[in-house]
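Data first, discussion second: the structure below is written as C-alpha cells.
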C-alpha cells in the first residue's frame, strides 16, 4: 500500500468536514469532492471551526498543515488521492453506485473506505473494481477529536487493507478498532442504538423528557464511560469476585422489564465468555487497582468539568460555594490566638495527575497550590465575585518559587500564607509549603499583587473594607519574623 | 423534616460503604446496621479505600469528618438515625419486610430511602408505617464520587419527602434527579440495561469480546457522555437544524436491525417531543456554541486521561511519541543561523480551562507553559525516558515568574528559551512568553535546575553527551545579551 500524502473525500457534510480537519492538522493534504460547489466554502468553514479545539489537543510538535482543495468532479479527486474516504448519505444503492464509480478511477493501491454508520462492507463493495482494497472505516462526531474508528472488512476485503487502513488512521491520531464480524450497525452504533431506542420509548411513553434522560447519564454512568466500558465497570461492581459475582447478583434482573429489550438466556457458556473477557481486560490487575484508577479519573474529570461549569462540574461548583459559605460562618468561633499565626488556607494531597516522570509533583503545580492559597486569602479579605463584578481586582505581577524537596504522589501537604507587606495598592505575600506528616518545608512561594481598576485598566486603591482586612492580617503577621527565603535573587547562594 | 446529623444505613456492601464514605466526608455521622458482625471491619475498610480519591474532589474547606459506628441491631440504628438509607439485596419481599420493620422504630420525621436499582417505591412502601416519608434514592457506584441519585416517590410518598431528600443529598454533594413516574429500573438503569443487554447479545452471538465492546465506547461515545447525553449529542449531529434534521436523516435506521431492541413508531408527536425537549436543553444557545463547549471538554478530558495513560489518553500519548520522533528526525534540516537565536519550543493558545474569573490565564499556567518549554529542552539535550530510566535527572531548585500583561482565552502565545548559565551539574534557563500577533512580551520565567543521581539521592554530573549538547546551546546563546529581567529580587523596582 502506498504512503498517504493526500486523503480524498467523497462527499463533505459534518463527517467529511471532520475528516478534513483531522487529516490537515496532522500534515495530510485533502482533496474534497462534492457535486455541490457551495460545499467548498462549507468545508473550509468546518475546518476553521474545528481548528481551535484541535490545536489544543497536544503540546507535541506538529508537521506543517496539509492543504485543502475542492472539486466538483469525483474523478479529479479519485486520480489524486492516496486514500479515499466516502461520506455520502446513508443509502445503500447510492453508496454502491458511487463507490463503484470511484473504484474504476482510483489506482489499484489506493484504499477506499466508507464512513457508513451501519451498512455492511460486503454489500458496499459488491460492484467495485478491486473490492479487496475496500473496508468500512466508521468515525464518530466530532471526527477531529474522537479517536475511535471502527474498521470492518467485507467478504472480499484483504487483511492487508485493514492493516494499512489502521496504520493510516493511527498516523492521524486515531484508535482503530477492528470489528471482526460484519453486523448491521457494527459494534458502537449497536450499543448506542439500544440506548437511543430505549430513550425514544421512554419519551414516547411520557415517562421522562430528553433533558431528564440526558441528566440520567451525565451525572452518573457517563462519567465512568469516559474511560471504562460497561463490562469493566460491572466487573468492578461485582467486588472481589468480579464479573462472575455481578452476573450471579444481577442475572435475575435480566428477566425483569428494566428495558424493552429482551436479554439472551444467561447460559453457563455466556457467563464463561463474559468472565473470561473481563478477566482478560483486567490483565492481572486486582479489583482494588482498577478501582483506584477509576476513582482517579473520575475525580480528575469532574475537576475538568468544573472549569466548564457543565454536568457533574456544576454540581461540584455548587457544593464548593456551600462549603466556603459554611466555613465563613464558622469562622466566628476561631480564637484571637490563631490570628497571629500564618494562615493555613490549603491542605491537600498530591494528586496522581500532578506528578511527572520522576513520580514527583511537577514544578508548576507548586504554583497552582500557592494560587489556591491566594484564592482563599482573597475570599477572606472580601475580594470575591461581587467585588470583582464591581470592576476591581488584584493582578499578579511577580511570583518566585523555591523547591527544597520533592513531593510524591498522594503526599499530604499544607500551605501557610503570610502577609509580608501591603499598602492600598500592593500586596506582597509569602507562602510556605509543608509535608503534613513531619511539617518539613518543601517549597516557598513569594507573590506580588497589584490592585487594578479593570475599567480604567490601571492600578488603583483597593476598597477601604478590603484594605482594613489586609491591614489586620498584616499587623498580626508583622510579629512573625521575615522568612529567610524572602527577597532573594534566583540562583544566589544562601 | 429534621436536620440530618446522623445517616443510618440498613445493610452495608459496596453501596452501603459508598454512602458511608460520602456522608462522613461531608461531616455527617453514620451508623451502619448489618446482621453480620464481620461487616464492621468491612465497611471501615471501604471508607478508608474511598478517602484518597474523595479527599481530592475539592479544594474548598470541609467540616470535621463524621463518625462511623456499627451495630448488628437494626433497632439501634433506626432509633439514632436522622435519615435512613436501605442497601440490602435486590429482593422485593426481603426489602418490604426490613423496611416495614425499620418504619416501626424510626421517628415519624425520619426519611427512609431505598438504594434499589430497579424496584418501584409503591411496592416497597406497601407494609411500612408512615409510608409517606419513604422514597427510592438510587445512587451509582462509586457512590462517593458519582453525583447522580435518582429520587422516585411511590403512590403514598409526599412531595415534602422528595424535597427533603433532595436537600440532604445536595448537602452531601450530589445531583438529585427527580424521576416523575415510577417505572422498573427508573431512568438510568433502563438506559444502561438496554446497552448491557445488547452487549450480552453480541457476546452471545460470538460477534465481539467484552474488551472490544468496551473499546467501542471509551474511544468514542463514552468521551461525549461525560458531559452531554445522547439527546444533546444527536441534536448537535443534526447540524444547524438540530434534532429535527437528525431524526429526518436517521429516522429510517430505526427500522433497521442495528440492535435487537425494536424502536417505537417515529410519529409526529414523538418527533415534536424530542425536538421540544432538546430545544429546551439548548436554552437559546446556538448549535455552534454547544459544539464549542463539547469540543472544549472533549479536549480537556483527553488531556486528563493522557495523565493516566488510559483509553483515549493512551492514544494521545502514542500520537505524541510519534510526533516528537518525527520532529527529531526533521531537525537535521534546521540551519546553523537559527541556532544562535533563543529556542522557540512552545507555541500554543490559552485554553478555556486555563483562565480565571478575570478571563485571564491563571498565574500557575505560566509556570506550566515554562515547564512545557523545559520538557522540550530536556528532550533536545537528550534527557529523555531512557536517560531518566538510568537514574539521572534534573530537579527544579528555583523558579521565578514575572507578569507584564495578561493573556486572554484563546490568545496564541509562544515561549522562547535561552540558556543563561550551565556547568556539569547546574542549568539556569530564561524563558520569555509572547503574544503571537504582536510579539509583545507578557511574562518571563527564570529557572534553576540541578542534576541529580536519583539512586544516590544527591547532586551529580550530567552525562557527557548531555553536557556537550547544553554547552553547544550555551555558547550559541552567549552571544545574546542577558535579559534585563534576569537575576532580580521579587518586588524590587526596575
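A few remarks follow.
- Being buried (at least 24 other Cβ atoms within 10 Å of the Cβ), in contact (Cβ under 8 Å) with a residue 40 or more places away in the chain and either in contact with a strand residue (DSSP E or B) (Cβ under 9 Å, 6 or more places away or on another chain) or not assigned by TED's automatic domain parsing to the domain that holds residue A:288 (or both) holds for only one residue in A:165, A:216, A:160, and it is A:165.
- Any hit, segment A:5-15, residues being under 24 Å from residue B:299 (Cβ atoms), touching a residue at least 24 places away in the same chain (Cβ under 8 Å), within 14 Å of another protein chain (Cβ to nearest Cβ) and part of a loop (DSSP other than H, G, I, E, B): yes
- Put simply, of A:350, A:383 the only residue that is more than 23 Å from residue A:295 (Cβ to Cβ) and at pLDDT 90 or above is A:383.
- Test result for residue A:119, under 23 Å from residue A:22 (Cβ atoms), in contact with a strand residue (DSSP E or B) (Cβ under 9 Å, 6 or more places away or on another chain), touching a residue at least 24 places away in the same chain (Cβ under 8 Å) and not in a helix (DSSP H, G or I): yes
- Residue in segment B:54-74 that is outside any loop (DSSP other than H, G, I, E, B), within 14 Å of another protein chain (Cβ to nearest Cβ) and touching a helix residue (DSSP H, G or I) at 6+ places or on another chain (Cβ under 8 Å) present: yes
- Any chance residue A:301 is more than 9 Å from chain B (Cβ to nearest Cβ) and either in a helix (DSSP H, G or I) or modelled with pLDDT of 90 or more (or both): no
- Residues that are in contact (Cβ under 8 Å) with a residue 40 or more places away in the chain and either crowded, with 24+ Cβ neighbours inside 10 Å or within 7 Å of chain B (Cβ to nearest Cβ) (or both), drawn from segment A:353-368: A:353, A:358, A:361, A:363, A:366, A:367
- Residue check for residue B:263: out of contact with any strand residue (DSSP E or B) (no Cβ under 9 Å at 6 or more places or on another chain), outside any helix (DSSP H, G or I) and closer than 20 Å to residue A:311 by Cα: no
- Among the criteria (1) over 30 Å from residue A:420 (Cα atoms); (2) surrounded by 13 or more Cβ atoms within 10 Å (Cβ to Cβ); (3) in contact (Cβ under 8 Å) with a residue 24 or more places away in the chain, the one residue B:455 does not fulfil is (2).
- Among the candidates B:103, B:93, residue that is surrounded by fewer than 24 Cβ atoms within 10 Å (Cβ to Cβ), free of Cβ contacts under 8 Å to residues at least 40 places away in the same chain and either in contact with a strand residue (DSSP E or B) (Cβ under 7 Å, 6 or more places away or on another chain) or outside any helix (DSSP H, G or I) (or both): B:103
- Filter result for residue A:315 (in contact with a strand residue (DSSP E or B) (Cβ under 8 Å, 6 or more places away or on another chain) and in a helix (DSSP H, G or I)): yes
- Checklist (1) free of Cβ contacts under 8 Å to residues at least 24 places away in the same chain; (2) within 11 Å of chain B (Cβ to nearest Cβ); (3) out of contact with any strand residue (DSSP E or B) (no Cβ under 9 Å at 6 or more places or on another chain) applied to residue A:146, failing item: (3)
- From B:280, B:265, B:276, B:291, residue being free of Cβ contacts under 8 Å to residues at least 24 places away in the same chain and within 12 Å of residue B:232 (Cβ to Cβ): B:280
- When each of A:408, A:380 is tested for being surrounded by fewer than 16 Cβ atoms within 10 Å (Cβ to Cβ), touching a residue at least 24 places away in the same chain (Cβ under 8 Å), more than 7 Å from chain B (Cβ to nearest Cβ) and touching a strand residue (DSSP E or B) at 6+ places or on another chain (Cβ under 9 Å), the lone residue that passes is A:408.
- Residue match in segment A:326-343 (condition: at pLDDT 85 or above and either more than 9 Å from chain B (Cβ to nearest Cβ) or crowded, with 19+ Cβ neighbours inside 10 Å (or both)): yes
- Of the helices (runs of 4 or more DSSP H) lying entirely inside segment A:158-256, those containing at least 3 residues that are facing chain B (nearest Cβ under 7 Å) span A:188-204, A:210-218, A:221-225, A:230-237.
- Put simply, of B:215, B:205 the only residue that is over 30 Å from the mean Cα position of the chain (by Cα) and modelled with pLDDT of 95 or more is B:205.
- Qualifying residue in segment B:395-403 (condition: in contact with a strand residue (DSSP E or B) (Cβ under 8 Å, 6 or more places away or on another chain), more than 7 Å from chain A (Cβ to nearest Cβ) and either over 19 Å from residue A:366 (Cβ atoms) or surrounded by 21 or more Cβ atoms within 10 Å (Cβ to Cβ) (or both)): no
- Filtered residue count, segment B:417-470, keeping only those that are closer than 16 Å to residue B:403 by Cα and in contact with a helix residue (DSSP H, G or I) (Cβ under 6 Å, 6 or more places away or on another chain): 3
- Flag for residue B:197 being in the same structural domain as residue B:21 (by TED's automatic domain parsing), under 26 Å from residue A:206 (Cα atoms) and out of contact with any strand residue (DSSP E or B) (no Cβ under 8 Å at 6 or more places or on another chain): no
- Across segment B:226-255, the qualifying residues are those that are modelled with pLDDT of 90 or more and over 17 Å from residue B:287 (Cα atoms), and the one among them that is farthest from the chain's Cα centre (by Cα) is B:255.
- Test: residue in segment B:113-136 that is surrounded by fewer than 23 Cβ atoms within 10 Å (Cβ to Cβ), within 20 Å of residue A:249 (Cβ to Cβ), more than 32 Å from the chain's Cα centre (by Cα) and assigned by TED's automatic domain parsing to the domain that holds residue B:46: yes
- Of the numbered criteria (1) surrounded by fewer than 18 Cβ atoms within 10 Å (Cβ to Cβ); (2) at pLDDT 95 or above, the one residue A:20 fails is (1).
- Picking from residues in segment B:251-262 that are in contact (Cβ under 8 Å) with a residue 12 or more places away in the chain and buried (at least 21 other Cβ atoms within 10 Å of the Cβ), the one that is nearest to residue B:221 (Cα to Cα) is B:259.
The values are calculated or read from the model by the stated rules, or taken from the named source; none is laboratory data. Bear in mind the structure is a predicted one, so any value in this text is a computation, not a measurement. A quick note on method: Cβ atoms are made from the backbone with ideal geometry, for glycine too, and the neighbour counts reach across all protein chains shown.
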